[in-house]
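Trainee: First the structure, then my questions, so here it is.
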Amino acid sequence: MVYVAWHMLNKNPKYILPEGIELPDRTWPECVLDRAPVWCSVDLRDGNQALPDPLTPDQKLEYFEMLCAMGFKHIEIGFPSASQDEFDFFRRLIEEGRIPEDVFVMGLTQMRPHLIERTLEAFKGCKQGIVHAYIAPSDLHMKQVFGMEPDQLIETAVASTEQIRALANAMPESDIRYEFSPEEFTDTAVSFSVELCDAVYAAWGKATPEKPIIFNLPATVERRPPNQYADMIELFGRQIQHRDSISISLHVHNDQGMAVAATELALMAGADRVEGTLFGHGERTGNVDLSTCINNLHSRGVETGIDFSQLPEVAETVERLTGMPIYYRQPYAGSYAFTAFSGSHQDAINKGMKRLGEAPEVFGMGWKVPYLHIDPADLGRKFERLIRINSQSGKGGVAWVLQQDYGIEVPKAMQPELGLAVQQFSESVGREISSEEVHAVFQEQFIEPKGPFELLAYWPRPDDADPTFIHGEVHLRVKGEERTLKADGNGPISAFVAAIRQAIDVDFMVDNYHEQAVGKGADAQALAFVPLKLNADAVMYGVGIDSNIDQAAVRAIIAGLNRVKAGAI
Ligand code: KIV
Ligand code: ZN
């Protein structure tokens, strides 16, 4: 192998690629992840022990109840022999009857007799529990931490397992299961892990396909690339005896930032169960992020068994309880996870959303939208937060915000003008701007722009003989001076334009204009978007709003004229 040659050339390299696994007939690369594993949250143990301010018992209780409500069935709630608080928390859940019928609570212990004794005491009266014991069989630990030989380590694991079994047998009213973790599995020869686990299996002696023993095979420190972890899991699954009565569990830390990938590949390699924390809290760089693992499967159509439909509330609770913010760009939960800043992305999302109904026929799936691999609504996130406006946002995105949040359909021809106005505003404040600010720019610059003209009233009177012919009377304030202007026309708008031409010095024509209703019933208003054609190339829009369609249009003309005077173009 290439790395061997490299290693031999470098007599004392500081780092080497861990030796790969000899598995030429590996099958995992061909496997498809089409069903969910058993998910086990270790937020209240591995996650909690790595918080600068560990959770108080009341905070742990709130967190526990949230995990249950989300659908977790295996929850590690602590390390009962580690402190009185940890022990009391177990007792509280059990004595106050707070553990749902179908939930297994799990407690961690080292393989030391007095700690095991105390741990099992904490489980008394628990309907369903998992005792989780661990010891590290890696050379590194045996040589440098424990000073133990392999045989001694196996003896310790067997003796501890027998002790746990005896104490569990003394609680026949409880369904106590057993999880054993050969800590630092990824730094241990698979053959030795198998030998150790076979011995532990025999010592437990109670595993069945219905009540399997859990062998949790941790990447305690992520020392290897994900493909090597998957090889190790496949090899372990092939070599371990009694595979049917064993649940192979994964527990990956994120030291190389690949915990999610390692977990996915190891699931393909045959694992049955995954331990992790909701947003990746845990020692150092944390445990695998369950929200990412679970929602990845959801995004591929797998029923996960975990409810993330209120992800913002879950994220807020975890942030509040842990005191640690979730990173903006965290998949799914990050505040930018469904945000498009770039104009071309915003435009494509807009188009894709409008044509979403065609997706089943065109793509054979219900959700296919540019730049959004999953429907944010599945996670309780809202469409109106999808697009944020900054100086790089495109016209399409700005129009989309007004349409989504305010029901305003900006005509396509006006979108460049609006986009420019919003962009200038964003540049002037030097930051991302909100949907309300977009609306304010629209209101202030297109409906109520400051300028010399103020419309006081307009009376369009149909002619007595021909009601389509209009006698118009306009009361207009021009630079503070009130004027009454009269003119006739073939309709209310042409009469209005003819009248005001007498008082203004702008040469313009009214192009085809666009109207829309906003609001419903008696409160409905007409919104008129009127383009003023100034010359062959230049057009400027004004927008008017009124309960009467004609009045809305003439207000739009005045708004447009004020924009011209303000030098908007
Ligand atoms: O990371 C680890 O190996 C652990 C064990 C105790 C399972 O947390
Ligand atoms: Zn861990």
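The values are calculated or read from the model by the stated rules, or taken from the named source; none is laboratory data. Being a predicted model, the structure only gives us computed values, none of them experimental. With ideal geometry, Cβ positions are generated from the backbone for all residues, glycine too; neighbour counts draw on all protein chains shown. Keep in mind that these areas ignore ligands, DNA and RNA; they rest on the heavy atoms of the full protein, side chains included. Shrake-Rupley method; radii C 1.70, N 1.55, O 1.52, S 1.80 Å.
Trainee: Taking the criterion of being more than 21 Å from the chain's Cα centre (by Cα), open to solvent by 60 Å² or more (accessible area, probe 1.4 Å) and within 16 Å of ligand 1 (Cβ to nearest atom), would at least one residue in the stretch 57-76 satisfy it?
Mentor: Scanning the stretch 57-76, I find no residue that is more than 21 Å from the chain's Cα centre (by Cα), open to solvent by 60 Å² or more (accessible area, probe 1.4 Å) and within 16 Å of ligand 1 (Cβ to nearest atom), so the answer is no.
Trainee: While we're looking at this one, here's another question. Which members of the stretch 6-56 meet the condition of being open to solvent by 20 Å² or more (accessible area, probe 1.4 Å), hydrophobic (A, V, I, L, M, F, W, C) and either within 16 Å of ligand 1 (Cβ to nearest atom) or in contact with an Asp or Glu (Cβ under 6 Å, 6 or more places away or on another chain) (or both)?
Mentor: ILE21, TRP28, VAL38, ALA50
Trainee: Also: So which strands (runs of 3 or more DSSP E) stay within the stretch 476-569 end to end and still have 1 or more residues that are without any contact (Cβ under 8 Å) to a residue 12 or more places away in the chain and surrounded by fewer than 22 Cβ atoms within 10 Å (Cβ to Cβ)?
Mentor: 481-489, 514-518
Trainee: May I pose another question? Please tell me if ARG45 is within 21 Å of VAL288 (Cα to Cα) and of a type in the set (D, E, K, R). Give the steps one after another, and end with the answer.
Mentor: On the way: within 21 Å of VAL288 (Cα to Cα): yes; of a type in the set (D, E, K, R): yes.
Criteria met by ARG45.
Trainee: Please list, ordered by residue number, the strands (runs of 3 or more DSSP E) wholly in the stretch 34-129 having 1 or more residues that are of a type in the set (Lys, Arg). Outline the logic, then answer.
Mentor: Values: elements: 38-41, 74-78, 104-110.
It comes to none.
Trainee: Tally the residues that are away from ligand 2 (no atom under 12 Å from the Cβ) and either surrounded by fewer than 24 Cβ atoms within 10 Å (Cβ to Cβ) or outside the structural domain of SER309 (by TED's automatic domain parsing) (or both), restricting the search to the stretch 250-273.
Mentor: Kept after step one, since they are away from ligand 2 (no atom under 12 Å from the Cβ), are these residues of the stretch 250-273: 256-258, 260-273.
Filter again for either surrounded by fewer than 24 Cβ atoms within 10 Å (Cβ to Cβ) or outside the structural domain of SER309 (by TED's automatic domain parsing) (or both), leaving 256-258, 260-261, 264, 268, 270, 272-273.
Going through the stretch 250-273 one residue at a time, the tally reaches 10.
Trainee: All but one of (1) within 15 Å of ligand 2 (Cβ to nearest atom); (2) open to solvent by 10 Å² or more (accessible area, probe 1.4 Å); (3) closer than 18 Å to VAL200 by Cβ hold for SER247, so report the exception by its number.
Mentor: Among (1) within 15 Å of ligand 2 (Cβ to nearest atom); (2) open to solvent by 10 Å² or more (accessible area, probe 1.4 Å); (3) closer than 18 Å to VAL200 by Cβ, SER247 violates only (1).
Trainee: Can you list residue pairs whose Cβ atoms sit under 8 Å apart, with the first residue in the stretch 454-469 being modelled with pLDDT of 95 or more and the second being of a type in the set (S, T, N, Q) and part of a loop (DSSP other than H, G, I, E, B)? Count only pairs 6 or more apart in sequence or on different chains.
Mentor: Close Cβ pairs (under 8 Å, with a partner that is of a type in the set (S, T, N, Q) and part of a loop (DSSP other than H, G, I, E, B)) amount to PRO462/THR468; PHE469/ASN490.
Conditions (1) away from ligand 1 (no atom under 16 Å from the Cβ); (2) among the aliphatic types (A, V, I, L, M), marked per residue:
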site: ILE130; (1), (2): no, yes
site: ILE135; (1), (2): no, yes
site: SER138; (1), (2): no, no
site: LEU153; (1), (2): no, yes
site: ALA157; (1), (2): no, yes
site: ARG165; (1), (2): yes, no
site: ALA168; (1), (2): yes, yes
site: SER174; (1), (2): yes, no
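Trainee: Quick check on the stretch 275-320: of everything there that is in contact (Cβ under 8 Å) with a residue 60 or more places away in the chain, acidic (Asp, Glu) and open to solvent by 20 Å² or more (accessible area, probe 1.4 Å), which residue is nearest to ligand 2 (Cβ to nearest atom)?
Mentor: Residue satisfying both the conditions and the ranking: GLU283.
Trainee: If you check ALA261, ALA189, ALA202, which single one turns out to be within 21 Å of ARG329 (Cβ to Cβ) and more than 16 Å from ligand 1 (Cβ to nearest atom)?
Mentor: Values: ALA189 fails: within 21 Å of ARG329 (Cβ to Cβ); ALA202 fails: within 21 Å of ARG329 (Cβ to Cβ).
It is ALA261.
Trainee: Looking at the stretch 208-232, which of its residues are more than 16 Å from VAL38 (Cα to Cα) and within 11 Å of ligand 1 (Cβ to nearest atom)? So that I can check it myself, show each step before the final result.
Mentor: The initial filter retains those residues of the stretch 208-232 that are more than 16 Å from VAL38 (Cα to Cα), namely 208, 219-232.
The answer is ALA219, THR220, VAL221, GLU222.
Trainee: Hey, can you tell me all the residues within the stretch 295-338 that are among the β-branched types (Val, Ile, Thr) and more than 11 Å from the chain's Cα centre (by Cα)? Walk me through how you get there before you give the answer.
Mentor: Taking the stretch 295-338 and keeping what is among the β-branched types (Val, Ile, Thr), we get 302, 304, 306, 314, 317-318, 322, 326.
Hits for the stretch 295-338 are VAL302, THR304, ILE306, THR317, VAL318, THR322.
Trainee: For SER181, are the conditions met, namely being open to solvent by less than 30 Å² (accessible area, probe 1.4 Å), under 22 Å from LEU17 (Cβ atoms), in the same structural domain as HIS253 (by TED's automatic domain parsing) and within 16 Å of ligand 2 (Cβ to nearest atom)? Walk me through how you get there before you give the answer.
Mentor: On the way: open to solvent by less than 30 Å² (accessible area, probe 1.4 Å): yes; under 22 Å from LEU17 (Cβ atoms): no; in the same structural domain as HIS253 (by TED's automatic domain parsing): yes; within 16 Å of ligand 2 (Cβ to nearest atom): yes.
Taking the combined requirement at face value, the residue does not satisfy it.
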